[in-house]
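Here is the structure we will look at, set down as C-alpha cells.
The values are calculated or read from the model by the stated rules, or taken from the named source; none is laboratory data. Here the structure is a predicted model, which means the values were calculated and not measured. Cβ coordinates were reconstructed from backbone atoms using ideal geometry, including for glycine residues, and neighbour counts include every protein chain displayed. Heavy atoms of the whole protein, side chains included, go into the accessibility calculation; ligands, DNA and RNA do not. Shrake-Rupley method; radii C 1.70, N 1.55, O 1.52, S 1.80 Å.
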There are 2 protein chains.
Amino acid sequence: MLHIVPDIDTSETLTERQKAVLDAALRLLVEEGDQLTMTAVARRASCSKETLYKWFGDRDGLLTATVQWQASKVRVAPVDAKGLDLASLTASLERFASDWLKVISSDTSIALNRVAVGHAGSGKDDLGAVVLENGRFALARRLKPVLEAGRHAGLLDFADAETAFRTFFGLVARDVQIRLLLGDRLELTEATIGGDAVRATQQFLALFGAKTGPQGL
Amino acid sequence: MLHIVPDIDTSETLTERQKAVLDAALRLLVEEGDQLTMTAVARRASCSKETLYKWFGDRDGLLTATVQWQASKVRVAPVDAKGLDLASLTASLERFASDWLKVISSDTSIALNRVAVGHAGSGKDDLGAVVLENGRFALARRLKPVLEAGRHAGLLDFADAETAFRTFFGLVARDVQIRLLLGDRLELTEATIGGDAVRATQQFLALFGAKTGPQGL
DNA sequence: GCCGAACCGTAACGTACGGTACGGCTTGCC
DNA sequence: GGCAAGCCGTACCGTACGTTACGGTTCGGC
C-alpha cells in the first residue's frame with residue numbers, strides 16, 4: 001500500500017515462491033492473529049511444514065520473516081523539498097498525516113502491531129524492534145527533512161526536529177492507534193482521515209509556524 | 001498508585017484472600033506477560049489450581065479478574081473545578097498530563113496493555129474493552145469537566161470537548177505508549193515527565209486558550 | 001529414460017499446559 | 001469428639017501444537 005516502490009532489498013534473497021508463502025502467512029496473521037499455527041500456514045500456502053521449517057527455521061523465524069516482508073512492501077515515495085512555500089509544506093504535512101492514519105488503521109498494521117506488542121515482553125525475538133523501525137522511526141526519517149526544509153525556508157520555527165516531529169506525531173495519531181489495538185471499533189473513513197490530517201497540520205503550524213508573516217490563524 | 005481511594009466497588013465481593021491471589025497473578029503478569037501459566041499463578045499465590053478454577057472459572061476469567069482488580073486500584077481523586085483561574089487550570093492540566101504519563105510508563109500498565117492488545121484480536125474475552133474503559137475513557141471522563149469548566153470561565157475556547165480532549169491526549173502521550181508497548185527502551189524520569197507535562201499543557205493552551213486576554217505565548 | 005534435489009502431504013513424536021480428581025489438612029460448628 | 005466445608009498440594013488426563021520423519025511426486029539436467 002501507499003506507493004509501493006520495488007526497492008533493492010525488497011527481494012532480500014527471497015524467491016517468488018517464498019514471497020507467496022509469506023503473503024499467505026500475512027493474510028493468516030491478519031485473520032487469526034498470533035494464534036496462527038504452522039499447520040494452518042502450510043495449508044494456506046499449499047506447502048509442507050517441512051519446507052516452512054527449512055526456510056524459516058522455526059515459528060518465530062516465520063513470524064519475523066513475515067513482518068519484515070510486509071515492512072519491505074511499505075516504502076513510500078520521498079517528498080522532495082525544493083521550492084518549498086507554505087502551501088506545499090502544508091500539503092506535504094497533510095499528506096504525511098493522511099498516509100500515517102491510513103497505515104495505522106489498516107487491518108495489516110493492526111495485526112502486525114498486535115503480534116509485535118504481544119511478543120515484546122519476552123525477548124524471544126525482535127518483532128517489536130522491526131515494527132518500530134519500519135513504522136514510527138521510518139516516519140521520522142522521512143518527515144524530518146521536510147521539517148528542516150520548512151525551517152530553512154523560514155516557514156517553521158523549532159529548536160529540535162525530534163521534538164517537533166513527536167508533537168506532530170501526537171497531533172496526528174492521538175488515541176487512534178491504542179484504541180484500534182485494544183479492539184475499539186473506530187471506523188476511519190476517507191473523509192475522517194482527510195479532516196484529521198488537515199486539523200493536525202493546522203494545529204502543528206499554529207504551534208511551530210514562524211511568526212514572520214500573517215500566521216494569525 | 002496515584003491516590004488510591006478505597007472505593008465502594010473496590011471490594012467487588014472479593015475476599016482478602018482472593019485479592020491476594022489476584023495481586024500475585026498481577027505480579028506474575030508483569031514478569032511473564034501473557035505466557036504465565038495457571039500452575040505458576042497457583043504456586044506464586046500459594047493456592048491450588050482447583051481454587052483458581054473454582055473462583056475464576058478458567059484462564060480468561062482469571063486474566064479478566066486480574067485486569068479489573070488492577071483497574072479498581074487506580075481511582076484518582078477528582079479535581080474540583082471551583083474558583084478556576086488560568087493558574088489553577090494550568091496546574092490541573094499539568095497534573096493530568098503528569099499522572100497519565102506515569103501510568104502509561106509503569107510496568108503494570110505496559111504489561112496489562114500488552115496482554116489486552118494480544119487478546120483483542122480473538123473475541124475470546126473483553127480485556128481490551130476493560131483496559132480502554134479504565135484507561136483512555138476514564139481519563140476523558142475525568143478531564144472533560146475540567147475543560148468544560150475552563151471554557152465556562154472564559155479560559156478555553158473549543159467547540160467539542162471530545163475533540164479538545166483527544167488533542168490534549170495526543171500532545172501528552174505522543175509516541176510514548178506505542179514505543180513502550182513495542183519494547184522500546186524509553187526511560188521516563190520524574191524530571192522528563194514533568195517537563196513533558198508542562199510542554200503539553202502550554203501547547204494545549206496555545207491551541208485552545210481563549211483569545212481574550214494576554215494569551216500571546 | 002534416469003538421477004538427484006526440492007517439495008508436497010501426512011503421519012508421528014514430544015511436550016507444555018489447561019483443566020480435573022483426589023487425598024490430606026485445617027477450621028469452625030454441633 | 002465428630003463432621004462438613006474449604007482449601008492446599010499433587011498427580012493425572014486430554015489436547016493442541018511445534019517439530020521431525022518419511023513416502024510419493026514433480027522437474028531440471030544429462
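Just a few scattered comments:
- Across q = 0.08, 0.13, 0.15, 0.19 Å⁻¹, chain B modelled as identical point scatterers on its alpha-carbon atoms has Debye log10 I(q)/I(0) values of -0.34, -0.80, -0.99, -1.36, in the order of the q list.
- Where A:LEU36, A:LEU86 fall by accessible area, highest first, once all protein chains stay in place (1.4 Å): A:LEU86, A:LEU36
- Accessible-area value, B:THR39, 1.4 Å probe, nucleic acids and ligands omitted, Å²: 60
- Counting from the shortest, the label point at B:GLU133, 7 Å from Cα toward Cβ, is 4.0 nm from the same position in each remaining copy.
- Cα centroid separation, the range B:160-178 to the range B:81-120 (Å): 11
- Nearest-0.05 FRET efficiency for A:SER122 and B:THR39, computed from C-beta distance (R0 25 Å): 0.90
- From the Kirkwood radius over Cα pairs of the range A:14-73, Stokes-Einstein at 37 °C and 0.692 mPa s returns a whole-number translational diffusion coefficient of 296 µm²/s.
- Label positions at A:THR108 and A:ASP184, each projected 7 Å from the Cα along the C-beta direction, are separated by 2.5 nm.
- Mean accessible surface per residue for chain A, computed with a 1.4 Å probe while every protein chain stays in place, in Å²: 47
- Taking each of A:LYS124/B:LYS73; B:LYS144/B:LYS211; A:LYS82/B:LYS211 in turn, the alpha-carbon distance tops 25 angstrom for A:LYS124/B:LYS73; A:LYS82/B:LYS211.
- For A:GLU31, label point 7 Å along C-beta direction: distances to other copies, nm: 3.9
- Within the range A:130-217, the GluC sites (Glu not before Pro) that combine a DSSP coil assignment with at most 10 other C-beta atoms in a 10 angstrom radius are A:GLU187.
- Take every pair of alpha-carbon atoms less than 8 Å apart whose residues are at least six positions apart; their mean separation over the length of chain A yields a relative contact order of 23 percent.
- Solvent-accessible area lost in complex, 40 Å² minimum, residues of the range A:87-117 relative to chain alone, 1.4 Å: A:ARG114, A:VAL117
- Inter-copy spacing of A:GLU187 label points, which lie 7 Å from Cα along Cα→Cβ, given in nm from shortest upward: 4.7
- Its relative contact order, with pairs defined as Cα atoms under 8 Å and 6+ residues apart, puts the range A:40-136 at 26 percent.
- For chain A, hydrophobic long helices are taken as DSSP H runs at least 20 Å long by C-alpha position along their axis with mean Kyte-Doolittle hydropathy of -1.0 or more; these are A:16-32, A:59-73, A:86-104, A:136-152, A:190-208.
- The protein assembly as shown - charge dipole about Cα centre, Lys and Arg +1 at Cβ, Asp and Glu -1, debye rounded to 20: 40
- Relative to the compact-globule estimate of 2.2 N^0.38 Å, the Cα radius of gyration of the protein assembly as shown comes out at 1.06.
- Bridging of B:LYS54 to lysines at a Cα separation below 18 Å is possible for B:LYS19, once same-chain residues fewer than 8 apart are set aside.
- Residue range of chain A that is longest and free of trypsin sites (Lys or Arg not before Pro) which are both DSSP loop and sparsely packed (at most 14 other C-beta within 10 Å): A:1-81
- Rh by Kirkwood over Cα pairs, then Stokes-Einstein D for the range B:86-208 at 0.692 mPa s and 37 °C, µm²/s: 215
- Only protein heavy atoms count here, probed at 1.4 Å, and on that basis chains A and B bury about 3000 Å² of accessible area in total.
- Ellipticity estimate at 222 nm from DSSP helix runs (n ≥ 4, -39,500 (n - 2.57)) divided over the protein assembly as shown, nearest 500: -21000 deg cm²/dmol
- For A:GLU32 and A:ALA91, the difference between the fully extended length at 0.36 nm per residue and the C-alpha to C-alpha distance is 17.5 nm.
- Surrounding net charge for B:ASP58, when Lys and Arg each add one and Asp and Glu each subtract one, Cβ distance under 14 Å: +1
- For the range B:86-208, the relative contact order works out to 38 percent when only alpha carbon pairs closer than 8 Å and six or more residues apart are counted.
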